[in-house]
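A quick write-up on the structure given underneath.
The values are calculated or read from the model by the stated rules, or taken from the named source; none is laboratory data. Computed from a predicted model, the values in this text were never measured in an experiment. Methodologically, a virtual Cβ is constructed for each residue, glycine included, from the backbone with ideal geometry; neighbour enumeration extends over all protein chains shown.
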Amino acid sequence: MHRDRLGFKIKPMSNGYEAWIRDVQQALGSINMSMDDWQGRWPFDFQAEYNAGARADAAAMKANRFWWYQQNKSLLQDCRSTPNCWLPRGHQGACEPLNPDSDTNARTGAYQRGDYVKVEFPDEVTGIGEWMWVRVTRCDEEKGLIFGVLDNEPLNDYQSTVVLGSELAVSYSQVREHKKPTEFTRQ
């Protein structure tokens, strides 16, 4: 601590991000969410939130939704009614978007042309379904439908009704996974 030219005691300010992240941790602690427990498993981009000027408490709530969304997905208990709803499958009440502040979903929809969605195709004979990728061509947000083209060669026999390249309509509730084209890597 030092004194300014008028004699006031001046305490050096700590790094802005460090102070902000302490406030985030405090906000998370108030809802019994330990950043240490969750951040290591599913990293949330706190730096981006800070850089965007987010309040610490708002960033904490956004991280909370993100972590619950990731946990529900990992347990295969994510909501199937609306894409990016962070609540568990079968929740009561309205779906809640992962990022309520974003107008992206409202403006352009959760699924874009060229995106891929993984969908279950049940086998009526064996009862054993298979998961296949569908490339999105368009969506009907109001009806919760994705229109696309099957991007996998089916293993099961669907009497030639479902083949590589088939044009399909799929309900949002059937989507198990969603990826942008850039998320696929060559192996």
Query raised in the report: Under the condition of being of a type in the set (G, A, S) and crowded, with 17+ Cβ neighbours inside 10 Å, which residue from the stretch 30-60 is farthest from the chain's Cα centre (by Cα)?
Result: A56
Report summary line: When every residue in the stretch 70-126 that is touching a strand residue (DSSP E or B) at 6+ places or on another chain (Cβ under 9 Å), of a type in the set (S, T, Y) and at pLDDT 80 or above is compared, the one farthest from L155 (Cα to Cα) is Y111
Requested in this report: Tell me which residues, restricted to the stretch 18-32, are among the hydrophobic types (A, V, I, L, M, F, W, C) and part of a helix (DSSP H, G or I).
Outcome: A19, W20, I21, V24, A27, L28
**Report entry** Qualifying positions in the stretch 135-187 - of a type in the set (A, V, I, L, M), over 21 Å from the mean Cα position of the chain (by Cα) and over 12 Å from K118 (Cα atoms)
**Finding:** L155, V162, V163, L164, L168, A169
Report summary line: Of the candidates E141, E167, the one satisfying the condition of being of a type in the set (D, E, K, R), without any contact (Cβ under 8 Å) to a residue 40 or more places away in the chain and closer than 27 Å to S74 by Cβ is E141
**Report entry** Matching residues in the stretch 67-93 - criterion: being buried (at least 18 other Cβ atoms within 10 Å of the Cβ) and without any contact (Cβ under 8 Å) to a residue 12 or more places away in the chain
**Finding:** D78
Query raised in the report: Within the stretch 100-121, can one find any residue that is polar (S, T, N, Q) and over 22 Å from D45 (Cβ atoms)?
Result: no
